[in-house]
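The values are calculated or read from the model by the stated rules, or taken from the named source; none is laboratory data. As the structure is a prediction and not an experimental result, all values here were calculated from the model. Using ideal geometry, Cβ is built from the backbone for each residue, glycine included, and neighbour counts are taken over all protein chains shown.
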Amino acid sequence: MLLSLRGVKIAPLPLIGLEVGRGESVAVLAGEGAGKSRLLRVMAGLLAPEAGEVVWQGEAGGIGVVFRVPDLRFLCATPREEVQLTPAARGLLAGEALRVRTEEALCWAGVEAGLWDREWSWLSAAGRYRVAVAAVFAARPQLMLFDEPGNMLSDAGEEGLVESLRHFAEVHGVATVIFTSRAARARRFAARVVSLNA
């Protein structure tokens, strides 16, 4: 197992026991306001659970997160700079290798090449969301966590994101967990759906 939740309690959710294997795709389905975003933060190691334990068996820094409104967390002036930030800061890549990884991630996520070096005002909400996905791709995590993926996208854009995530996960052996209140989205994005609804 890559990640295990053992008797984790996060109000108002019930006790949670969940295991995510390497390369697996899982959807966590629960209603609006049920605590999905807090559960995501617990799984990412950003928040401690009220009870229970989270066991991460991957590498340090091996979790990538795309929040519901990810552009509120952007730190750089352009999409290219934002996407190369994590691999550069961790000392994973530099020079030509960093450029190639960055541009590859932007392409995987469907960000138009003409926008890579533009200011954020040139990008739509959907474009900014795709940049956040590209930033996770560039970091090459072992586990990707998504809070309501596709909310910023059209139906066609959401289908494209599903294909991008599926292909990226297959090529790189990445596990994916999405958190959603929509059953159709859960089934679309993941092979296994875990319902936390009462």
Practice item. Any chance you could count how many residues in the stretch 167-191 are exposed (fewer than 15 other Cβ atoms within 10 Å of the Cβ) and among the β-branched types (V, I, T)? Key: 1
Practice item. Any chance you could count how many residues in the stretch 74-90 are free of Cβ contacts under 8 Å to residues at least 40 places away in the same chain, assigned to a helix (DSSP H, G or I) and under 26 Å from M43 (Cβ atoms)? Key: 2
Review point. Are there any pairs, at least 6 apart or on different chains, whose C-beta atoms fall under 6 Å, with the first in the stretch 168-192 and over 20 Å from F137 (Cβ atoms) and the second modelled with pLDDT under 95, and if so, which?
Key: S181/G31; S181/E32
Exercise for review: Would you mention how many residues in the stretch 135-161 are of a type in the set (A, V, I, L, M, F, W, C) and either touching a Phe, Trp or Tyr at 6+ places or on another chain (Cβ under 8 Å) or free of Cβ contacts under 8 Å to residues at least 40 places away in the same chain (or both)?
Suggested key: 6
Point to revise | Answer from G91, G157, G95, G150 - the residue that is crowded, with 22+ Cβ neighbours inside 10 Å and modelled with pLDDT under 95 | key: G150
Review point. List the pairs whose first member sits in the stretch 32-44 and is within 14 Å of G64 (Cα to Cα), whose second member is surrounded by 18 or more Cβ atoms within 10 Å (Cβ to Cβ) and of a type in the set (D, E, K, R), and whose Cβ atoms are under 8 Å apart, counting only residues at least 6 apart or on separate chains?
Key: L40/D147
Study note, to complete from the structure: Among R22, R80, R38, the single one that is surrounded by fewer than 18 Cβ atoms within 10 Å (Cβ to Cβ) and of a type in the set (D, E, K, R) is R22
**Study point:** Tally of residues being at pLDDT 95 or above and among the small types (G, A, S) across the stretch 8-22
**Key:** 1
**Study point:** Long-range neighbours under 8 Å by Cβ, at least six apart or interchain, first residue of a type in the set (S, T, Y) within the stretch 121-134, second assigned to a helix (DSSP H, G or I)
**Key:** Y129/P70; Y129/D71
Study note, to complete from the structure: If we take the stretch 91-184, then helices (runs of 4 or more DSSP H) inside it with 1 or more residues that are in contact with a Gly (Cβ under 6 Å, 6 or more places away or on another chain) are 125-139, 155-172
Practice item. Using the structure shown, decide if S164 is exposed (fewer than 13 other Cβ atoms within 10 Å of the Cβ) and touching a residue at least 24 places away in the same chain (Cβ under 8 Å). Key: no
Review point. Can you tell me which of R101, R118 is modelled with pLDDT of 95 or more and either of a type in the set (G, A, S) or surrounded by 18 or more Cβ atoms within 10 Å (Cβ to Cβ) (or both)?
Key: R101
